[in-house]
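K.L.:
Let me begin by handing over the structure; questions about it come next.
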Amino acid sequence: MNRLHEKYYQTIRKELKKELNLTNIMMVPRLEKIVLNSGVGEATQNIKILDGVMEQIATITGQKPALRRAKKSIAAFRLRAGMPVGASVTMRGKRMYEFLDRLISVVIPRVKDFRGLNPDSFDGRGNYSMSIKDQLVFPEIDYNKVEQTKGMSITFVTSAETNEMGRALLKRLGMPFR
């Protein structure tokens with residue numbers, strides 16, 4: 001079991017139960033999944049960019065990303081329905097906690113001019129979204145193989161009912177909020 005996962009089950013759950021005044025330990029919010037998504041709009045002109053992004057996401061997460069296709073045709077963007085436009089990965093269980101541990105302890109400190117994550121990026125149901133502008137902050141990425149820097153969005157889906165519960169959970173897990 002991952003050290004962050006162990007910490008959650010041994011200490012964080014009990015602390016959150018007390019902090020949130022919950023009656024049952026099963027009511028304590030937990031992390032359900034982490035979704036990493038990268039949109040590649042330039043893939044309509046050059047498909048090789050998308051191949052590179054998919055390879056990099058696979059290296060970062062340890063699992064193969066799913067190809068995302070356009071749902072509608074948009075003539076102004078030279079986009080047809082069904083064209084590949086992005087890649088995404090959904091992580092659960094052991095991989096999710098390993099990724100979160102690496103993100104908090106290694107990746108976020110490497111972000112240039114980092115002053116803390118925005119505490120207002122919750123969606124109203126306890127889920128948190130953040131974005132990274134450059135995939136080179138991940139130590140797994142080889143600088144020489146990167147043709148073009150790409151950003152990605154990371155969504156933390158929790159079982160929390162409110163933003164306050166989700167914020168308390170992520171703060172206890174080690175997310176550096178402002």
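Only the coordinates and a few stated rules stand behind these numbers; no lab work does. None of these values were measured; they are calculated from a predicted model. So basically every Cβ, Gly included, is an ideal-geometry build from the backbone, and we count neighbours across all protein chains shown.
K.L.:
Quick one: of 48/71; 18/171; 71/112; 48/72, which pairs are farther than 25 Å apart, Cα to Cα?
P.N.:
71/112
K.L.:
How much length, in nm to one decimal, is gained on full extension between residue 22 and residue 46, taken as 0.36 nm per residue of separation minus their Cα-Cα distance?
P.N.:
Roughly 3.4 nm would be gained on extension.
K.L.:
Per residue and in cubic angstrom, what volume does the convex hull of the Cα atoms of the chain have?
P.N.:
131 Å³
K.L.:
Follow-up. Would you mind ranking 99, 77 by Cβ crowding within 10 Å, fewest neighbours first?
P.N.:
The order, fewest Cβ neighbours first, is 77, 99.
K.L.:
Take every Cα pair under 8 Å in the stretch 3-173 that's 6+ residues apart, average their separations, divide by the length, and report that relative contact order as a whole percent.
P.N.:
Relative contact order comes out at 29 percent.
K.L.:
Continuing with the same structure: Put a dot 7 Å past each Cα toward the Cβ at residue 14 and residue 2; how far apart are the dots in nm?
P.N.:
Rounded to a tenth, the inter-label distance reads 2.3 nm.
K.L.:
Would you mind listing how long the stretch 1-55 runs along its three principal axes, going by Cα atoms, in whole Å with the largest first?
P.N.:
Over the stretch 1-55, Cα extents along the principal axes are 55, 23, 14 Å.
K.L.:
Let me ask something else about it. Ranked by Cβ crowding within 10 angstrom, fewest neighbours first, how are 91, 165 ordered?
P.N.:
The fewest-first ordering by Cβ neighbours comes to 91, 165.
K.L.:
Note down the magnitude of the dipole of the chain about its Cα centre, charges +1 on Lys and Arg C-beta and -1 on Asp and Glu C-beta and zero elsewhere, to the nearest 20 debye.
P.N.:
Around 300 debye, computed over the chain.
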